[in-house]
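One structure follows; several queries about it will come next.
The values are calculated or read from the model by the stated rules, or taken from the named source; none is laboratory data. What you are looking at is a predicted structure, and each value in this text was computed from that prediction instead of being measured. Cβ atoms come from the backbone with ideal geometry, glycine included; neighbour counts cover every protein chain shown.
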């Protein structure tokens, strides 16, 4: 999921009543386990930090990075990045059973895969044990604060564009 500081609500979102969460709401659900943010959890518990910094520190670091970031427009002028720009990604990986030795091995392999895939952009991985199945939340902040660059489909499209393929081929 790509996340922004402020969610841009489209008319189609209102029509389908789909709810897209912003970064603060996602962190509220993941770390703080605020009851309003995790209605789907009967007895919210404290998450387990598996890798990196805690989410409160990540939230502060991310806000500072966004506050100082500028975007260069096509006309060459600079401006602050939009609050609706997707600047963080969250990946959820779920284990389909009880917490056991194999789950711990899966967790270690998952974190290694995330590190190999995202490098220093991987900031935090937490585990929730208070739902039906243990699962990991990985938070990734791209160096350029453009989370779309983390999406494999967008990367493929950009490569196809650079290779001179038509928009339809992209």
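Please find, among 168, 104, 161, the residue that is free of Cβ contacts under 8 Å to residues at least 40 places away in the same chain, more than 19 Å from the chain's Cα centre (by Cα), surrounded by fewer than 16 Cβ atoms within 10 Å (Cβ to Cβ) and closer than 20 Å to residue 48 by Cβ.
Sole residue among the options that is free of Cβ contacts under 8 Å to residues at least 40 places away in the same chain, more than 19 Å from the chain's Cα centre (by Cα), surrounded by fewer than 16 Cβ atoms within 10 Å (Cβ to Cβ) and closer than 20 Å to residue 48 by Cβ: 104.
Oh, and also: Does residue 120 fit the bill of being surrounded by fewer than 19 Cβ atoms within 10 Å (Cβ to Cβ) and over 17 Å from residue 26 (Cβ atoms)?
yes
Within region 1-33, which residues are buried (at least 16 other Cβ atoms within 10 Å of the Cβ) and either in a loop (DSSP other than H, G, I, E, B) or modelled with pLDDT under 60 (or both)?
5, 7, 21, 22, 33
Taking into account only those residues within region 127-149 that are modelled with pLDDT of 90 or more and more than 28 Å from residue 82 (Cα to Cα), which is farthest from the chain's Cα centre (by Cα)?
It comes out as 127.
What is the one condition in (1) in contact with a helix residue (DSSP H, G or I) (Cβ under 9 Å, 6 or more places away or on another chain); (2) surrounded by fewer than 16 Cβ atoms within 10 Å (Cβ to Cβ) that residue 126 does not satisfy?
(2)
Of the conditions (1) within 22 Å of residue 4 (Cα to Cα); (2) not in a loop (DSSP other than H, G, I, E, B), residue 159 satisfies every one except a single condition; which number is it?
If we test residue 159 against (1) within 22 Å of residue 4 (Cα to Cα); (2) not in a loop (DSSP other than H, G, I, E, B), just (1) comes out false.
What pairs come out if I take residues in region 52-78 that are on the phi > 0 side of the Ramachandran plot and modelled with pLDDT of 95 or more and pair them with residues that are in a helix (DSSP H, G or I) and surrounded by 14 or more Cβ atoms within 10 Å (Cβ to Cβ) whose C-beta lies under 8 Å away, six or more apart or interchain?
Listed pairs, sorted by first residue: 52/58.
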